[in-house]
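Just below is one structure, and these are the notes that go with it.
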Amino acid sequence: MSQPLRIPASEHGINPRDIDKQARSILQALNKAGYEAYLVGGGVRDLLLGLHPKDFDIATSATPEQVKQVLPSTRIIGRRFRLAHVHFGRHYYEVATFRAPHDKSDKGQTGNDGRIIHDNVYGTIEEDAVRRDFTINALFYDLNSAEVIDFTGGVKDLKARQLRMIGDPVVRYREDPVRMIRAIRFSVKLGLDIEPATNEPIHHLSSLLGNIAPARLFDESLKLFHSGKAWAMLEKLREYGLFSALFPLAEKSLQNDEDGNFTQLVKFSLANTDKRIKAGKPVTPAFLFAVLLWKKVKDGTSMYHELGNPALQSVHLAASDAFAEQVKTISVPRRFSNMTREIWVMQGRFQFKNHRRVLGFLENRRFRAAYDFMCLRARAGELPETECEWWTLIQEVDEQEKLAMCQAATPHKKGNRNSRRRKHH
Ligand code: ATP
Ligand code: MG
């Protein structure tokens, strides 16, 4: 075993009080029972950067069963690699046993039930460090000694604000192509430079993302676009050719954006998402997909309409086409794709300003999302800004004024109204 650097508290400056109390109690319980246990990964990295970690993961020499003996609220999960989840009510901490790198046991071992166990080989702390992705993600914090334990030079890289892959970057990207996306995410999110040897292969390897399970890429794309720096993420992903591996339709739309409206829409929408996240407001993946696929859906709708389909059906056909294409790379859970579809379908309702329809629309549970989307379209130059203004105002005024606004907006010549009705029946 090579000797790691041990950085004392006086140098790294982590205050143990910034580690949440429950995570500390897990570390203490495992240490007391005679096991090694450390804070690891993003938690240590973010503390060193003076950021507030979003979760605290723990690595230990104890097996999941041993963790459960020490901490009875543990649930053991996973088949290929078993993990201990230590529960505090609904909240839990991931406690992972030191793990050997993949290749150490690549002898094709299988268990009695045929399940592949080669991933389930426990290792030493050093092996656990080097199987991680980037040096800055491979730091351990020892609560006992208050030291940061560094096997890979992560502390130095963090100081130099460098993102460096552990081991041979090409090998590690081939092993798990999602690491390319993670490289972009950490570099944008934390403002780090990607070290040249880590950086260069990404340009050539983006097509490897085609082999990743679409469900995993859904999770990854949310981490990218709900990071608070969504527009910067998009630009950087495009620069490396990674965006088209995730959102091929959106990439095409950006490339063929003759009037520039779509690019503006994406830009304003992502900026808006970033703002909501900074303000602690909720964001939904449904909106992200509504935005990124919009041009494809809009163009598809026109096409189906010109072919003689009714307006509503045209949107649905175009929406189905867009999703059928998108899920080849990123699968979208049904509850989100349904909401995305509703946002698109509802864009057709803003043109109708007669009083009854307006009141009904305002009560729709998806009105707010559809309205936000329409206003972004207006800002992007796709619709007159007055359309957004009208629907903003109507939500603010009292019932009487609502009626007046609707009457002013709908020239109610009797003949017109009747002839429109007749057409519908
Ligand atoms: P975040 O702040 O986004 O949670 P994180 O570094 O904690 O960042 P996680 O996805 O929570 O990222 O993973 C926890 C740790 O597991 C990482 O810090 C890294 O050490 C390791 N890890 C995660 N994904 C990979 C991967 N694809 N390859 C190698 N190691 C990984
Ligand atoms: Mg994490």
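Return yes when K328 is open to solvent by 90 Å² or more (accessible area, probe 1.4 Å) and either under 15 Å from W294 (Cβ atoms) or modelled with pLDDT under 95 (or both) and no when it is not. So K328 does not fit the description; no. Please verify whether the range 46-58 includes one or more residues that are within 11 Å of ligand 2 (Cβ to nearest atom) and touching a residue at least 40 places away in the same chain (Cβ under 8 Å). Within the range 46-58, not a single residue is within 11 Å of ligand 2 (Cβ to nearest atom) and touching a residue at least 40 places away in the same chain (Cβ under 8 Å). Scanning the range 351-377 for residues that are part of a helix (DSSP H, G or I) and closer than 15 Å to A290 by Cβ yields a count of 11. Residues in the range 272-287 that are more than 17 Å from R366 (Cα to Cα) and out of contact with any helix residue (DSSP H, G or I) (no Cβ under 6 Å at 6 or more places or on another chain) were compared, and the one that is surrounded by the most Cβ atoms within 10 Å (Cβ to Cβ) is N272. Just to be sure, is I58 modelled with pLDDT of 95 or more, within 21 Å of L30 (Cα to Cα) and either in contact with a Gly (Cβ under 6 Å, 6 or more places away or on another chain) or buried (at least 18 other Cβ atoms within 10 Å of the Cβ) (or both)? The answer is yes for I58.
Of note, F289 satisfies the criterion of being within 15 Å of A369 (Cβ to Cβ), modelled with pLDDT of 95 or more and not basic (K, R).
Assess whether D193 counts as being surrounded by fewer than 20 Cβ atoms within 10 Å (Cβ to Cβ), among the acidic types (D, E) and near ligand 1 (Cβ under 9 Å from one of its atoms). When the stated conditions are applied, D193 does not pass them.
Cβ separations smaller than 9 Å between residues 6+ apart or across chains give no pair from the range 154-182 residues that are touching a residue at least 40 places away in the same chain (Cβ under 8 Å) and assigned to a loop (DSSP other than H, G, I, E, B) to residues that are more than 13 Å from ligand 1 (Cβ to nearest atom) and aliphatic (A, V, I, L, M). Whenever a residue of the range 317-338 is on the phi < 0 side of the Ramachandran plot, its partners that are β-branched (V, I, T), lying with C-beta atoms within less than 6 angstrom and at least six residues away or across chains, give the pairs A318/V297; A318/T301; A319/V297; A322/V297. Can you pull out every residue in the range 351-409 that is open to solvent by less than 60 Å² (accessible area, probe 1.4 Å), among the basic types (K, R) and within 23 Å of K275 (Cα to Cα)? Listed by number, the residues that qualify are R366, R377. Just one of (1) open to solvent by 30 Å² or more (accessible area, probe 1.4 Å); (2) more than 29 Å from L163 (Cβ to Cβ); (3) more than 16 Å from ligand 1 (Cβ to nearest atom); (4) touching a residue at least 24 places away in the same chain (Cβ under 8 Å) fails for S73. It is (4). Restrict the check to the range 15-28 and report whether at least one residue is open to solvent by less than 50 Å² (accessible area, probe 1.4 Å), more than 16 Å from ligand 2 (Cβ to nearest atom), in contact (Cβ under 8 Å) with a residue 12 or more places away in the chain and polar (S, T, N, Q). Within the range 15-28, none of the residues are open to solvent by less than 50 Å² (accessible area, probe 1.4 Å), more than 16 Å from ligand 2 (Cβ to nearest atom), in contact (Cβ under 8 Å) with a residue 12 or more places away in the chain and polar (S, T, N, Q).
Considering each residue of the range 68-90 in turn, none proves to be under 18 Å from T135 (Cα atoms), within 16 Å of ligand 2 (Cβ to nearest atom) and at pLDDT 95 or above.
Here is the figure for the range 33-45: residues that are more than 16 Å from ligand 2 (Cβ to nearest atom) and within 31 Å of the chain's Cα centre (by Cα) total 1.
The values are calculated or read from the model by the stated rules, or taken from the named source; none is laboratory data. From a predicted model like this one, the values you see are computed outputs, not experimental measurements. Cβ coordinates were reconstructed from backbone atoms using ideal geometry, including for glycine residues, and neighbour counts include every protein chain displayed. Note: areas computed on protein heavy atoms with side chains; ligands, DNA, RNA excluded. Shrake-Rupley method; radii C 1.70, N 1.55, O 1.52, S 1.80 Å.
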